[in-house]
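The values are calculated or read from the model by the stated rules, or taken from the named source; none is laboratory data. These numbers were taken from a predicted model, which means no experiment stands behind them. Because the Cβ atoms are built from the backbone with ideal geometry, glycine has one as well, and the counts that use them run over all protein chains shown.
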Amino acid sequence: MAVWSVIVAAARTRDRFAVTDWRGDGWRVWILSCLGFTVLFVGLSVYMHAFAWSAGLDATSPEFSVYWRSLLLIELVGVTVGTFAWWTWLVRSGRALPATVAFDEEVRRIMVVWGLLGATCVVLYFMASFFVSGDAAWHQTAVRDTAFTPPHIVMFYCAFPLGITMTVGTYLYGVTRLPRVYSMNAGFPWSFFLLIGASVTEMLQVAVNEWGHSLWIAEEVFAAPLHWPFVIYVWLAAGTFAVWLETLIRVLSIEKQIADQRTQAPQA
């Protein structure tokens, strides 16, 4: 297609990787971020399996403080500092960028958004499927002596907050670097309203869930009424497809504009 040939030629002219190359920005963001989150979550899972039963059954024990309260503190500080540092960089660097960009640069940024969406999906999968299943299995076999159980420390204070980090960060990247798709003058996009709402709703539901399990239904049954609101998260997470489709529409629009320019160009 015309848009890809223009992008590749322009990128190679500037002695850089084309956005369609495996080492281009879009692929690099997707591969590195997905790999990084996978390593993080698998590492936390291995840690939980190694020390949950030996040091995580009694929240008042010294071993619990060493292995789990220290991990909780590391997660809270690391996620908070990393999140606000990234968001601040996105906003400040985005303000310095020119209002209009060439087609190849715009498509490169769209591919970065797709890479961030892929990483967001990895985070949402681990937080809402992998760790949730492990948490339910834990509370069906171990005593819930505190809200700070080993699965909760991994899930509620690392994986869930990272869902908000990625959804809001992806929006900030889009609104500061893709003004033709996410203009501030056009208002807040419904696609990101759904996507960000999914991660925020999931985090808020955690508090309601813990309150209910402490005072109402102690049994950790998947079909318990306390878990019904979690279904809303799945519906809202469909905003991922909305973001992808509206950016894809912009790519197709660029393709048409390039084709029209070639058609209208004077013949030699």
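For first residues located in region 38-54 and touching a residue at least 24 places away in the same chain (Cβ under 8 Å), partners that are assigned to a helix (DSSP H, G or I) and surrounded by 12 or more Cβ atoms within 10 Å (Cβ to Cβ) and lie 6+ apart or on another chain with Cβ distances below 6 Å form the pairs F41/F126; L44/V154; M48/P150; M48/V154; F51/Y67; A52/P150.
On inspection, Y182 passes the criterion of being within 27 Å of T100 (Cβ to Cβ), free of Cβ contacts under 8 Å to residues at least 60 places away in the same chain and not β-branched (V, I, T).
Figure legend. Inter-residue proximity from region 85-107: first residues in contact (Cβ under 8 Å) with a residue 60 or more places away in the chain and within 18 Å of V181 (Cα to Cα), second residues of a type in the set (S, T, N, Q) and part of a helix (DSSP H, G or I), beta-carbon distance below 8 Å, spacing 6+ or different chains. Indicated pairs: L90/T176; V91/T176; G94/T176; R95/T176; L97/T176; F103/Q257.
Considering only region 140-152, I want to know if a residue exists there that is among the acidic types (D, E), out of contact with any strand residue (DSSP E or B) (no Cβ under 9 Å at 6 or more places or on another chain) and modelled with pLDDT under 80. Yes, because at least one residue in region 140-152 is among the acidic types (D, E), out of contact with any strand residue (DSSP E or B) (no Cβ under 9 Å at 6 or more places or on another chain) and modelled with pLDDT under 80.
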